[in-house]
Every structure is written in C-alpha cells, then in structure tokens.
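Asks: Quick one: the structure is below, and I'll ask about it shortly.
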C-alpha cells in the first residue's frame, strides 16, 4: 500500500426533506449573494427549482443564475459564471444538479480568484492550489461523485479537449443528497450514472499496487450495491432505498476511499473522454461500452488473478479455472450493462470507425496510459479496443 | 435507509515516515504549547517518544506530558490532563498511542473549556456541544477508530462505570497513521484490536434498518480485510501491508461509514463494557468472547437471513439452508478468534459467574439494549449470554 492523504471535509446531509430546515442556514455561513448554477431545466420540471427559489427568497438572498450548464460542461459556461460572480459580488455558489453542474461550479469558484482565463488554469494541468468561492450542492443525479471530491472535468469543443482539474479549495463545503431528487431521473441517465459509478470503482480496482485489500474489498462492496440497486431503480424509479444506495455509492466511489494508497492511471476514462470530446456522447454510456472490451483486451496471465477475484467477489461466480472465471466475470459485466438497456456498441450511439485513429492518438497524448495504466496502452491498443466496440461481443 | 449526516473532517496522513516532515507544521497551526498524552511507555521502548520529543524540541515547542493513560482510561487521568492544560496554557493536544490515549485526550480537550467536572459532562449523557482544544494523534494501535471519530469512552472505577461521550469539536484535526508504529504491538493486543474492529462492524451490520446495502456491503468488505490480514500480522508482526490494512480498517470501521443511515443500539459493547468496568479486562478480548455467543443467542427465524448473508459474503460459506449457513458463520467467527489465540472463555480472563447478575443489570441500566437492540435484551438475556461464556462453545 502506498502512502496517502485522506481529507474529505464535505459535510454530507443525506436523506429526505432536509432543504426546508437546513439550506439557508448552510448558505448564510458564507453570505447572502448566491450564484445558482443548474443545467437544462429538469429541476424546473420536478419542482426543485421552485423550492430553492422560494427558500432563498424568504431568506432575503440575492440570487444570480447560471443556467444551461451542458452535460459535458463547456469552458464558455465557466467563463460566463466567473463574470456573473464578479459582477454580483457572489459569496457562495449553490450548484443544483448532477456532476456536470457541480463540476462547472467548481471551476467558476476557482476562476473568480484567478487572473488567468479558466481554460489556461486547466490546460496547465498542475491542479489548483489557490482560493475558491465556497460551494454548496444539491445533488440530482447519482453518478460522478463530484459532490464529495475536489475534481472537475471541463470540455472545450473548439480544441476537442476534455480535461480534468482539481484542488483542495474546490471540494464542496456541504452537499445535500436527497434520493427523492433522483426519482425523476430518466432510465437512460440512471443507467449511465450507475455505469459511471462502477467505472470509477473499476479504474482503481484493476491496479498494480499490492497489499490494498481494504480498498479493494470496500470497492467490491460498493460495486455489489450498485449492481443490486440499479435494476431496482430502473424498474421502480421512486424506490427510495434503491435510489439512496445508488446516491451514496456515487459519493463513496470517488472520494478517495477506493483509490487511496494506489498508484497508476485510469484507462477507460482516458479512452472515453475522447469519445465525449469528439461526439459529445453521454460519459457513462461510453464507459459502459468500452469497459468489458478493455477488460478482455488486458486480460492475460499476469492480470488473470485480479479478474478472477472480481468474478468471484463481485459477481458470485464459483469457477475454479482462473481464466474461465475471469472471462465469466467480464461477460457478467457486459450482460449487466445490457440488462440496464445501455446501447453496447459505438454505432448505436452514432460513432463509426472514422476517427478511431485520431481519438486513439489523443487518448494517449492527453494521459499517461502508455506508461502508467494497469496494462499500458499504446495508440494501437486503444484503437483495437475502440474497434471491438463496433459490434456486439461475447467473452465466455 | 434513515437520514444521516456524514461529516468527518479529520485529515488522515497515512503511511510510513511522515512525522519528520509533517508533524511540526501540523502542530504549528494551533500554537507552540503542546500537551503530549501517552500510555504505559511502549512508545519509549520503540523509539517513537524520542522521535517526537526531538522534533518538538527542534521546533521550540513547550511540551507538557500526561503519561500513564490506562488501557481503560480513567476519569482521574482526564482531570490531571485538564489541570495541566490550564496551568500551561496548552494550545494543542498531541495524543500518541491507541484508542485509550486518544479517548483520554478528547475528554481533556473538552474539559478545559467546561466549568463542570469532566465526569459530570459524561454522566449527563447528552454528548458535548462546546469547544475543545485541537487534537492531533499519532496512532500506535489498530483497534478503536478513535483517531477518526468524535467519541471517547472513560472509566470510573469508584462507581464501576464505563461511559461514552462525544461531540463535533472532539474529532481529531489530523491523525498520523504509520503502520510501522504498530510493528511492535504484541500478539495479544493485535488480536484484541482486530476483534474490536470486527465488533464495531458487527454491531452496525446486525441491525433492523432496511435498505442499507451500501453500508452493509462496505462493512462486509472491511470485515474480510481484517479477517485476511490479522493472521498475517500475528505471524509476521512487521508485515507492512498487513499492518496497513488493519490500521485503515480500524478508522473506517467506526467513522460512520458503516453505521450511518441506521438506527438501533449496539449489543455486545453494552455487555462488554460491564466486564471491563468490573474486571478491567482488555476490551477487544471481552468482545471476542461475547460475540459468537450473542450471535447464537439472537439467531432466530427473523434474524436468520442476515446471519446467512454474513456467512456467505464474509466467510464464503456456500450452504443453501439459511439456518445451517448462519450457524456455520457463527462457528467461523468463533474459530477465527480461537486461531488468533484469543482466550475464548470468561474464566480464562479471570471472570466467574459471581457478578453476572449485577453486571447484567448494569448492562441494561447503562444502555437501551432492552428496547433498541437488534434483538432486544433483558437482564435475563444478558446473564444467559454471560453464562454461555463459561465454557468452550460449538455452534454448527
């Protein structure tokens, strides 16, 4: 196990119906001027927007809105947010939405304190050590874990780049996690969010660091919670406990708990980021499509032990031959995504082989997967994995 | 799943050899006057005391010592610590030791800010909402989880009471977790600490709240990490990864992760606290002795599903009949403690039936196990469970 630091001071307020009694007290710690950040308007349909506006109105807050944050939030929106904060002397940012909205809020919060253009901070790729406006979130989608970590991913469609940034001041101060706020999330987004959560777990689980049982066994537990509860939430969208399990899994999958003490970089995220950057597809769907093909591609005599452990501990597969067990585990992963009604080929989401070579080059250029991944991946490997996604697959 | 708040702002510095470069920076945030709290002197034998004193000396700290904290820390020691803090204008408390030392430091930290006698704060049983001196810990024993939570347990031998107290200001600001600092922990204490960790997990796992997969599956993962790594640490005390897994398990087992979102009170701790209060035995050993007997005592048609899940997911028992699976899981728990060389009867730790009735009364009087436990326990139940611990047991 490597040395690590674990410091996650987000104050999680989990459960139903807490906003009326807690939201304004939380915001008042920082001031009265609030930047309200949200996405495409789903919070206007389900009543959450109205509730928040009424609470802030009664509390005499000055509310400025940054709306229309994109599913892959864009740098232009971040710039717009920074300008709004400066013009209105904003004290605290309230992000109401999923990971995209929260990610956008984080870079706005940091951008306010920087003389540089926000994209320059991101492109520098050094993380962010400066100050940021305090962020409070109301989560509406179980997926990215952004509600309880310091990271953000922003897209620049003019340069076809989707890059990450993070820093200690960007972690939300308080996050409200009410599973009821995810009842209206459509089936497709629920499945995509669950795939995203699982991918966060997979990325750190398939790793070369030794002696990390505690991280790995905890990760297996969170995986099993997602695998059990996602189908329930898909079948009965207002099942409170299923939504609650998915929501808390989202936060725990990417707050450091399963990644701390390990080294190496993620593979599928690097490959997926290019799909989203070039085609603007839903992140979790891209991950679901890539993951089983990647697993099968990197399965070998050296990695088989870990994949067999995965098959047994996560999928309950009792198979003595490690290679066969591993393949059954990969098949189970693929089948799970299929039963969640995720389109499991790239053509189904409008991607053909035209840009595979270019995207593969970018995936390697924008990351260190060629040297530091679980199994290092060169451009030709990435392209081969993309190619496996052209048709349906069978692994065991 | 119940509503819950999760706010654990302890800054964990995990891994080897961090003190030389980080300790004084951490302390200097709060001031130069340090109360150094430690136990029976094991840190003098293994060199940790010398290292800390040298670092603080070079940093021009004023160091006052509260030494000799008991394995079940006593209220007299707390009072001594409060007086030292007041006399020396202490800015920060540095607790170097296991859970007892840290627990003592927490109540000293709170006591400094209170006009009441510390025991009166504890006896009031309302928790502690006031201020406290900042606490930094250097953990030397994987067991209680006190390094990452707000709770403390203090004994009063004059009244035969062992009671808990906790409050937001009592959570350590920073905890240094270096697995190497546990290399010299003797076999008996390593086993007792592991039993303590497992008991923290069991107490919340065997619970009536529904829809808590995420908490339960995570808990099963931590249990498996302890069950795998404790025997390794016993056989090879300087196995870094085994010690690392136990150490981080200790913190995660009682920081809220596996208990949040559930209601109900713990059973074995209430029964064990009386054994320690009356006979001053090692807490973890008392828990190990009681736990399998308690499990078997509360196993019934209503609880069998949970015990069968435990047998399968934690012990890997593949047995279709739920009742038989449950019994095998209980047997596996008992056998595990035996293989860790834990004395598994009360007479082996010097306790006979003389005070069973009195202790059973106290266990019920000092807790709400009669109404709020997984399976409610009256005085006669507690006495029957104590009685089961007089001789070796067999469950399956």
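Asks: Given the residues A:229, A:255, A:239, which is the only one that is under 18 Å from residue A:151 (Cβ atoms) and within 12 Å of chain B (Cβ to nearest Cβ)?
Replies: A:255
Asks: Yes or no: residue B:260 within 14 Å of another protein chain (Cβ to nearest Cβ), within 15 Å of the chain's Cα centre (by Cα), farther than 20 Å from residue B:390 by Cβ and part of a loop (DSSP other than H, G, I, E, B)?
Replies: no
Asks: Inspect all residues belonging to the range A:316-323 and state whether any of them is in contact (Cβ under 8 Å) with a residue 60 or more places away in the chain and outside any loop (DSSP other than H, G, I, E, B).
Replies: No, the range A:316-323 contains no residue that is in contact (Cβ under 8 Å) with a residue 60 or more places away in the chain and outside any loop (DSSP other than H, G, I, E, B).
Asks: Residue under question is residue A:81, and the condition is that it be within 26 Å of residue A:182 (Cα to Cα), touching a residue at least 60 places away in the same chain (Cβ under 8 Å), buried (at least 17 other Cβ atoms within 10 Å of the Cβ) and touching a helix residue (DSSP H, G or I) at 6+ places or on another chain (Cβ under 9 Å); does it hold?
Replies: Spelling it out, it is not the case that residue A:81 is within 26 Å of residue A:182 (Cα to Cα), touching a residue at least 60 places away in the same chain (Cβ under 8 Å), buried (at least 17 other Cβ atoms within 10 Å of the Cβ) and touching a helix residue (DSSP H, G or I) at 6+ places or on another chain (Cβ under 9 Å).
Asks: Considering only the range A:243-251, I want to know if a residue exists there that is within 9 Å of another protein chain (Cβ to nearest Cβ), touching a strand residue (DSSP E or B) at 6+ places or on another chain (Cβ under 8 Å) and either at pLDDT below 95 or outside any helix (DSSP H, G or I) (or both).
Replies: no
Asks: Right, next: Examine the range A:287-299 for a residue that is outside the structural domain of residue A:171 (by TED's automatic domain parsing), touching a residue at least 40 places away in the same chain (Cβ under 8 Å) and in contact with a strand residue (DSSP E or B) (Cβ under 7 Å, 6 or more places away or on another chain), and state whether such a residue exists.
Replies: no
Asks: Looking at the range B:131-166 only, could you name the residues that are in a loop (DSSP other than H, G, I, E, B) and either at pLDDT 95 or above or buried (at least 24 other Cβ atoms within 10 Å of the Cβ) (or both)?
Replies: Answer for the range B:131-166, where residues must be in a loop (DSSP other than H, G, I, E, B) and either at pLDDT 95 or above or buried (at least 24 other Cβ atoms within 10 Å of the Cβ) (or both): B:131, B:132, B:133, B:134, B:140, B:141, B:142, B:143, B:144, B:145, B:149, B:150.
Asks: Any residue in the range A:201-226 that is at positive phi and facing chain B (nearest Cβ under 8 Å) sitting within a Cβ distance under 8 Å of a residue that is surrounded by 24 or more Cβ atoms within 10 Å (Cβ to Cβ) and part of a helix (DSSP H, G or I)? List the pairs, counting only those 6 or more apart or interchain.
Replies: As it stands, the answer is A:211/B:242; A:211/B:244; A:211/B:245, since those pairs meet every condition given.
Asks: Would you mind telling me which numbered condition in (1) surrounded by fewer than 24 Cβ atoms within 10 Å (Cβ to Cβ); (2) part of a loop (DSSP other than H, G, I, E, B) residue B:277 fails?
Replies: (2)
Asks: Residues that are modelled with pLDDT of 95 or more and part of a loop (DSSP other than H, G, I, E, B): does the range A:360-367 have at least one?
Replies: Among the residues of the range A:360-367, not one is modelled with pLDDT of 95 or more and part of a loop (DSSP other than H, G, I, E, B), which makes the answer no.
Asks: Do we have any residue at all in the range A:74-86 that's modelled with pLDDT of 95 or more, more than 30 Å from residue A:241 (Cβ to Cβ), more than 21 Å from the chain's Cα centre (by Cα) and within 14 Å of another protein chain (Cβ to nearest Cβ)?
Replies: Among the residues of the range A:74-86, not one is modelled with pLDDT of 95 or more, more than 30 Å from residue A:241 (Cβ to Cβ), more than 21 Å from the chain's Cα centre (by Cα) and within 14 Å of another protein chain (Cβ to nearest Cβ), which makes the answer no.
Asks: Show the residue pairs meeting these rules: Cβ distance below 8 Å; 6+ apart or different chains; first residue within the range A:244-255 and surrounded by fewer than 24 Cβ atoms within 10 Å (Cβ to Cβ); second residue in a helix (DSSP H, G or I).
Replies: Sorted first by the residue in the range A:244-255, then by its partner, the pairs are A:255/A:148.
Asks: Can you work out which of the residues in the range B:3-59 that are farther than 24 Å from residue A:260 by Cα and facing another protein chain (nearest Cβ under 7 Å) is surrounded by the most Cβ atoms within 10 Å (Cβ to Cβ)?
Replies: B:4
Asks: If residue B:300 satisfies every condition in (1) out of contact with any helix residue (DSSP H, G or I) (no Cβ under 9 Å at 6 or more places or on another chain); (2) part of a helix (DSSP H, G or I) but one, which is the exception?
Replies: Of everything listed in (1) out of contact with any helix residue (DSSP H, G or I) (no Cβ under 9 Å at 6 or more places or on another chain); (2) part of a helix (DSSP H, G or I), residue B:300 misses just condition (2).
Asks: Limited to the range B:376-396, what total is found for residues that are part of a helix (DSSP H, G or I), touching a helix residue (DSSP H, G or I) at 6+ places or on another chain (Cβ under 7 Å) and loosely packed, with under 15 Cβ neighbours inside 10 Å?
Replies: Residues flagged as part of a helix (DSSP H, G or I), touching a helix residue (DSSP H, G or I) at 6+ places or on another chain (Cβ under 7 Å) and loosely packed, with under 15 Cβ neighbours inside 10 Å within the range B:376-396 amount to 1.
Asks: Step by step: first the residues of the range B:105-123, then only those that are without any contact (Cβ under 8 Å) to a residue 12 or more places away in the chain and assigned to a loop (DSSP other than H, G, I, E, B), then the one that is surrounded by the fewest Cβ atoms within 10 Å (Cβ to Cβ). Which residue is that?
Replies: Going through the qualifying residues, I end up with B:115.
Asks: Does residue B:102 fit the bill of being surrounded by 21 or more Cβ atoms within 10 Å (Cβ to Cβ), touching a helix residue (DSSP H, G or I) at 6+ places or on another chain (Cβ under 6 Å) and either not assigned by TED's automatic domain parsing to the domain that holds residue B:222 or not in a helix (DSSP H, G or I) (or both)?
Replies: So residue B:102 passes the test.
Asks: Do you know which of the residues in the range A:42-57 that are out of contact with any helix residue (DSSP H, G or I) (no Cβ under 8 Å at 6 or more places or on another chain) and without any contact (Cβ under 8 Å) to a residue 40 or more places away in the chain is farthest from residue A:132 (Cα to Cα)?
Replies: Residue satisfying both the conditions and the ranking: A:47.
Asks: All but one of (1) modelled with pLDDT of 95 or more; (2) surrounded by fewer than 22 Cβ atoms within 10 Å (Cβ to Cβ); (3) touching a helix residue (DSSP H, G or I) at 6+ places or on another chain (Cβ under 7 Å) hold for residue A:324; state the number of the condition that does not hold.
Replies: Among (1) modelled with pLDDT of 95 or more; (2) surrounded by fewer than 22 Cβ atoms within 10 Å (Cβ to Cβ); (3) touching a helix residue (DSSP H, G or I) at 6+ places or on another chain (Cβ under 7 Å), residue A:324 violates only (3).
Asks: Going by what's in this entry, would residue B:197 be described as modelled with pLDDT of 95 or more, under 30 Å from residue B:44 (Cα atoms) and either within 12 Å of chain A (Cβ to nearest Cβ) or surrounded by fewer than 22 Cβ atoms within 10 Å (Cβ to Cβ) (or both)?
Replies: It is true that residue B:197 is modelled with pLDDT of 95 or more, under 30 Å from residue B:44 (Cα atoms) and either within 12 Å of chain A (Cβ to nearest Cβ) or surrounded by fewer than 22 Cβ atoms within 10 Å (Cβ to Cβ) (or both).
The values are calculated or read from the model by the stated rules, or taken from the named source; none is laboratory data. Owing to the predicted nature of the structure, the values given are computational and were not obtained by experimental measurement. Please note: Cβ atoms are built from the backbone with ideal geometry, for glycine as well, and neighbour counts cover all protein chains shown.
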